[in-house]
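Right, one structure below, let's go through it.
Laboratory data are not the source of any read-out in this text; all were calculated from the coordinates shown. This is a predicted model, so every value here is computed, not measured. Virtual Cβ from ideal backbone geometry, glycine too; neighbours counted across all protein chains shown.
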Amino acid sequence: MRFVGDFQAKTDAKGRVFLPAAFRKILEAEGELELVLRRDVFQHCLVLYPESVWNQQLDELKQGLNQWNREHQMMLRQFLLDAEVLEWDSQGRILLSKRKMQYAGIENDVRFLAMVDRIEIWGKQEYEKLMEQSGNLGDELEQMFGQDNQVK
């Protein structure tokens, strides 16, 4: 499953927002009717996972953790405690909780960003801050994959 695109939307007074039709089309084609929403671990945005991607993410996380290690159990607990299952309604809307909207700085304007197999949901100001901090993509790609660093 591969999402592509960057879409803008607005929340209503209840925190409902239309999931972009291009994303819904991909989800429906894959039979993904349930989604999992949680806060991102690095940025002030939300991450929307198709259920199968969420399950794969959890399997990878569990595989890297020792169930008998107190710190590992706390990491798993923290990762799971904020997650919630969502479904879109008949009009294609999802409901964002006030707590999650507050975390992501979502007031009214929402930005949906495709991140390959998941979708990030950003508030306008947090998104603008992120874009201001980002470097020059061409320079970064050249540094990573350029002539001196060719992958063999």
*If you place +1 on the Cβ of every Lys and Arg and -1 on the Cβ of every Asp and Glu, how big does the dipole about the Cα centre of region 6-149 come out, in debye to the nearest 20?*
780 debye
*Per the Kirkwood treatment, what hydrodynamic radius in Å, one decimal, follows for the chain from the mean inverse distance over all distinct Cα pairs?*
17.1 Å
*Over region 6-149, what is the mean sequence separation of C-alpha contacts under 8 Å (at least six apart), divided by residue count, expressed as relative contact order in percent?*
32 percent
*What is the set of long-range amide H partners of Arg16 at a cut-off below 5 Å, with H atoms built 1.01 Å from backbone N?*
Leu96
*With a cut-off of 16 Å, note down the residues of region 8-50 whose backbone N falls inside the zone around a label point 7 Å from the Cα of Arg2 toward its beta carbon.*
23, 26-27, 30
*List the aspartates and glutamates whose Cα lies under 12 Å from the Cα of Lys124, skipping any in the same chain that are fewer than 8 positions away.*
Glu107, Asp109
*Go ahead and estimate [θ] at 222 nm for the chain from helices alone: -39,500 (n - 2.57) per DSSP H run with n ≥ 4, summed, over the residue count, rounded to 500.*
-12000 deg cm²/dmol
*asked:* At a 10 angstrom cut-off on C-beta neighbours, averaged per residue, how do the peptides 127-140, 39-52 rank from highest to lowest?
replied: 39-52, 127-140
*asked:* List the pairs from Lys10/Lys62; Lys25/Lys100; Lys25/Lys62 whose alpha-carbon separation is above 28 Å, in the order I gave them.
replied: Lys10/Lys62; Lys25/Lys62
